[in-house]
């Protein structure tokens, strides 16, 4: 029986997963054993207006410095206010300096990174005291993932790593982030029009995306 190594815990896992993905029960993730995509930010450059509501709920108001990783130059859309946005052009772990940003947004970045833990540690270093991290990733336990199977977006794209909700929460906590809020189905068209509090409900979305709003604990 062939084995593959989990990119998070570095332990061997049974390579008998479905859809080309190997499950790691310890980390509660699924990963591709066939290699990694280049360690570079995703360049979707799509606008996700509900992020502004989630940031406000976490206590971060417009006017600060925000690092956008994978979300392009306008991650907050029309509700972005006066945030000063810098777009990452390379892996965050290669960024210099400390305490430069009030908020970092990872939009589908960890699942494309060669070293998710290094990216999270770098985000913590770049954040100012009580700074925030918003992490958006698809949830392989979402209804759309179960229904679509191998046709589900992240599987079809052969993404190197996909998280469960519990797995991503565990990883964030292990790397020093305190979870303040979770929004499910943030990629749904409904998420662009519903009031902020309703974002906490699981909205229907084909990509099954979830958003974690966290604060780095210094």
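Worth pointing out:
- The order of the peptides 95-105, 63-73 by mean Cβ neighbours within 10 Å, most packed first, is 63-73, 95-105.
- Here the calculated FRET efficiency for residue 178 and residue 90, from their Cβ-Cβ distance with R0 = 30 Å, stands at 0.65, rounded to the nearest 0.05.
- A simple spin-label model places the labels of residue 217 and residue 5 3.0 nm from each other, with each point 7 Å out along Cα-to-Cβ.
- Based on the Kirkwood approach, the hydrodynamic radius assigned to the range 51-138 is 12.9 Å, with every pair of different Cα atoms included.
- Residue 25/residue 62 FRET efficiency (R0 41 Å; Cβ-Cβ; nearest 0.05): 0.50
- Note: relative contact order over the range 97-195, using C-alpha pairs below 8 Å and six or more positions apart, is 28 percent.
- Potential lengthening between residue 82 and residue 141 on full extension [0.36 nm per residue; Cα-Cα distance subtracted]: 17.7 nm
- Computed label-point distance, nm, for sites residue 121 and residue 151 using a 7 Å Cα→Cβ extension: 4.2 nm
- Summary of packing: across the peptides 178-186, 134-142, the per-residue average of other C-beta atoms within 10 Å ranks them, highest first, as 134-142, 178-186.
Only the coordinates and a few stated rules stand behind these numbers; no lab work does. All figures in this text were calculated on a predicted structure; none of them were measured in a lab. As a convention, Cβ positions derive from the backbone with ideal geometry for all residues, glycine included, and neighbour counts pool all protein chains shown.
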